[in-house]
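Everything on this sheet refers to the single structure shown next.
The values are calculated or read from the model by the stated rules, or taken from the named source; none is laboratory data. The model shown is predicted, which means the values in this text are computed figures rather than measured ones. Heads up, the Cβs are rebuilt from the backbone with ideal geometry, glycines too, and the neighbour counts pull from every protein chain shown. The accessibility values were calculated without ligands, DNA or RNA, using every heavy atom of the protein model including side chains. Shrake-Rupley method; radii C 1.70, N 1.55, O 1.52, S 1.80 Å.
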Amino acid sequence: MNIPSDLTIADYLDIARRRKWLILGTVVGCLAASVALYEVLPKTYRSTTTILLEGQKIPENYVKTGVEGKVDSRLYAVQQIVMSRPVLAKIGEQFGLITPQMSTLEREGVVQKMREQTRVTKLRLGHLKGQDTTEGFTLSFAHTDPVIAMKVTEALAAQFIEQDLKLKEQVLEGASEFLDQELKLVESKLEEQEQAISAFRSKYMGELPQQMEANLRTLDRLQTEVIAARENVQAAKNKVELLEQRIKEASLAAAQGVTQPATSSPGQSHSGDPLLARLAELERNLTTLSTEYHDNYPDIVLLRKEIDAVKAQLALKYGVAKEEVQQGSPKLVDPIVLDLMRQRDEAIKDLEARQDRLRRLLEQIKDYEGRVERTPMREQELSILVRDYDNMQKNYQALLDKRLNARLAENLEKRQKGEQFRVLDPANLPLVPESPNKYLFFLGGLVGGCGLGGGAAFVLEMLRPAFRRVEQVEGALGIPILAAIPLFKTLAAGGSPSTGRVSPAGEAASRSRLLGYFKSRREEKTKLQEGTDLILPTIAWNVVAKWWPDSIIAEQYRVAATRLALMSREEGHPVALVTSSILGEGKSTTTVNLGYTFAHALDKRTLIIDCDFKRPSVSRYLGKPFAPGLSDYWSGNCAIESCIHQIEGVPLWVLPAGTESHRVFELSKIRDLEQLLNELKPKFDQIFLDTPPVFPLADLHWLSRLADVLVFVIMAGTTGRDVVEKALKTLRPQNQVGLILAGVESTSMPYYHYYHQGERTLSLYTVRK
């Protein structure tokens, strides 16, 4: 079942109006069932008692209550205890609700039922004090026996008061025990915090906030010492440089004294050592002789001995080993140079000592600067420790006060001087049953009947959805609507035929005509079912455009005729084929009304050809005989002029289906009908073909090719959407198509109906060639 998504409130109201008897019957049946069920069901009685919260008897300025928090939470806790299995089982055994013969499962069932029948309702009276708090509650119990209901309610109330007192005593005892444990824990933490502060002061000695001033004075003193130390270092560096310069000069003078003796005059003196000069001379001679003679040559041997003697003298003089004596040896230095070098070494040591002192002073400055920089951080850390210590001290003192108050509150509750529940209104003996509630039963039957009836009506409507409004047709099929024809029952609300005035006599005449029409329709349908051949016509009221020109239906036929004329205005002599999906959708009625409207309102020569050989109706609606007609013309019995009958007073002619014995439409007749249409087109401005429905016949598929315009009639609320779509798909029309939605509820279509006193006004477009 597909439910359309475009249903509106108006659609649901239409469904309810169409299915009103189904809905009313369902509502009546559900109401009757609810009354019967109310009489059959057992009655239960509920006893109620009221319990108020009584305030503390001693002012809270002297002793504060130990049970704080909202009464709701306390009441919930007490309720859970009272509603527990042991308490309820004890009350049930006391009043005979539970017997020793019961099994465990049965006992559980009774306890569960007692729990379900017990009701606790809070009394919120705190708004009188400016607060929304619970000041008491009502306790009730329901049972089939009113006496048992009252006694169980009294027992439950006593249990509530008793369990509340026990609960408060347990809370206060637990609070005292908890506070003792917390005091011990806080005391140990307080000692740990004191030790942490002492360890912190020892660890960061010199960086504490109170030592900031001493650190800054020490930094000032060290800065002064650093300036003096740097001056001493610079002086030592200058002394070392001076000694280095004098050593270079002395060494240069000594070197010049060694290399100049051979070239200097005998009277010139120098500062070099003569032994070193002699050694150099002997070594040069030895080198010269060695190039000419071998090592055993006497002169070479003598030179070597002399060289050894000179080296021995130099070794003794300079205090070095004989092997270390050689030309250019650094150990063979002048004593003056040696003295200067000693002074230089002492100056370097002094410089290093002064530099070391300067480095130590800088390190001390850096250390004190770090202390000063870390002092704010140590101050913050120390403040956190001190703050935690202070908080712990305050917490410890607060716990001491709370323990004292807890002990006072415990004594207050034990002497029943504190806040407690008290029965204000004892349990009553109920006389009126609580359930079942007859008003709720009747309301439930009414609502259930409406829901069931409405649901059944909706399901019946949705099992085979049909088109009911113009918007649905246009949205689903996408084909233009020529007009929406209301139901013929709306004629009863209109004026009398052929007049715009509404009078009692005309209204009675209109109703009599309608009754006669419906009666004649039933008689004709009976004769058709019995197989009777209707030869003589009976005037019917289907031609609404003729008999009811001021009606809404006639106005809509004029709208359809106008739009149809506009659609086919390009055709010289248009042919319009009128059909529907299935039988009974009003295609023949639509054909005769469109034909009459074209002839009367648009003043066009109009011909209606009845091509529905199975069930011809056009001639009967127009008051003309069935024969001679089209079948008689094709059989050769009559000429075409004698088969066409004119309607009196208007340029309207009808070509009936003909004698029944000759009404056999074969596919070979299509070409004959086409030739006939070609002959008749020049004689008429508009031709209508009243054809059989699409289903279940196969004639229309071939007949639709002969028309210029296809008029498809849909009966609103009757023909299923799937049937209409399948019919249009079967036709596959190649020409223009217009839809007429017949049988539309007047509430489902917008229209304008004009009445004028003394005259009739037709709203239509006059289409002329």
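Checked against the criterion of being at pLDDT 75 or above, surrounded by fewer than 19 Cβ atoms within 10 Å (Cβ to Cβ) and on the phi > 0 side of the Ramachandran plot, region 476-489 contains one or more residues that satisfy it.
Of the residues Gly69, Gly96, which single one is in a loop (DSSP other than H, G, I, E, B), on the phi > 0 side of the Ramachandran plot, modelled with pLDDT of 85 or more and out of contact with any strand residue (DSSP E or B) (no Cβ under 8 Å at 6 or more places or on another chain)? On inspection, the qualifying residue turns out to be Gly96. A single member of Arg387, Arg403, Arg407 is open to solvent by 50 Å² or more (accessible area, probe 1.4 Å), more than 30 Å from Ser140 (Cα to Cα) and at pLDDT 85 or above, and it is Arg387.
Scanning region 160-178 for residues that are in contact with a helix residue (DSSP H, G or I) (Cβ under 9 Å, 6 or more places away or on another chain), open to solvent by less than 40 Å² (accessible area, probe 1.4 Å) and over 29 Å from Gln117 (Cβ atoms) gives Leu172, Ala175, Ser176. Tell me which residues, restricted to region 182-218, are touching a residue at least 60 places away in the same chain (Cβ under 8 Å) and under 57 Å from the mean Cα position of the chain (by Cα). Residues satisfying the conditions are Glu182, Leu183, Val186, Glu187, Lys189, Leu190, Gln193, Glu194, Ala196, Ile197, Phe200.
Scanning region 427-464 for residues that are surrounded by 18 or more Cβ atoms within 10 Å (Cβ to Cβ) and within 18 Å of Gly743 (Cβ to Cβ) returns a single hit, Glu461.
I'm trying to understand the selection: among the residues of region 277-291, which are in contact with a Lys or Arg (Cβ under 8 Å, 6 or more places away or on another chain) and open to solvent by less than 30 Å² (accessible area, probe 1.4 Å)? Full working, then the answer.
Initial filter on region 277-291 (in contact with a Lys or Arg (Cβ under 8 Å, 6 or more places away or on another chain)): 279, 286.
The answer is Leu279, and nothing else.
Within the option set Ala545, Ala560, being open to solvent by less than 20 Å² (accessible area, probe 1.4 Å), within 19 Å of Leu741 (Cα to Cα), part of a helix (DSSP H, G or I) and touching a Phe, Trp or Tyr at 6+ places or on another chain (Cβ under 7 Å) holds for one residue only, Ala545.
Given the criterion over 30 Å from Asn215 (Cβ atoms), at pLDDT below 70 and buried (at least 16 other Cβ atoms within 10 Å of the Cβ), identify the matching residue among Gly319, Gly257. Reasoning before the result, please.
Details: Gly319 fails: buried (at least 16 other Cβ atoms within 10 Å of the Cβ).
Testing whether each residue is over 30 Å from Asn215 (Cβ atoms), at pLDDT below 70 and buried (at least 16 other Cβ atoms within 10 Å of the Cβ) leaves just Gly257.
A count restricted to region 590-646 and to residues that are of a type in the set (Asp, Glu), open to solvent by less than 30 Å² (accessible area, probe 1.4 Å) and outside any strand (DSSP E or B) stands at 2.
Do we find that Gly206 is outside any helix (DSSP H, G or I) and either modelled with pLDDT of 90 or more or surrounded by 11 or more Cβ atoms within 10 Å (Cβ to Cβ) (or both) in this structure?
Yes: the conditions hold for Gly206.
Annotation note: of Glu231, Glu249, the sole residue that is modelled with pLDDT under 85 and more than 20 Å from Pro376 (Cβ to Cβ) is Glu249.
Give me a count of the residues in region 100-119 that are under 17 Å from Pro86 (Cβ atoms), outside any helix (DSSP H, G or I) and open to solvent by less than 100 Å² (accessible area, probe 1.4 Å). The qualifying residues number 2.
Taking Val447 as the residue in question, decide whether it is in a helix (DSSP H, G or I) and either modelled with pLDDT under 85 or under 30 Å from Phe141 (Cα atoms) (or both).
In short, yes.
A search for C-beta distances below 7 Å between a residue of region 281-303 that is in a loop (DSSP other than H, G, I, E, B) and any residue that is open to solvent by 60 Å² or more (accessible area, probe 1.4 Å), counting only pairs 6+ apart in sequence or on different chains, returns nothing.
Consider region 125-159 and keep the residues that are modelled with pLDDT under 90 and in a helix (DSSP H, G or I). The one that is surrounded by the most Cβ atoms within 10 Å (Cβ to Cβ) is Gly126.
If I ask for residues that are assigned to a strand (DSSP E or B) and at pLDDT 85 or above, which ones from region 1-53 would you list? Of everything in region 1-53, those that are assigned to a strand (DSSP E or B) and at pLDDT 85 or above turn out to be Thr44, Tyr45, Arg46, Ser47, Thr48, Thr49, Thr50, Ile51, Leu52.
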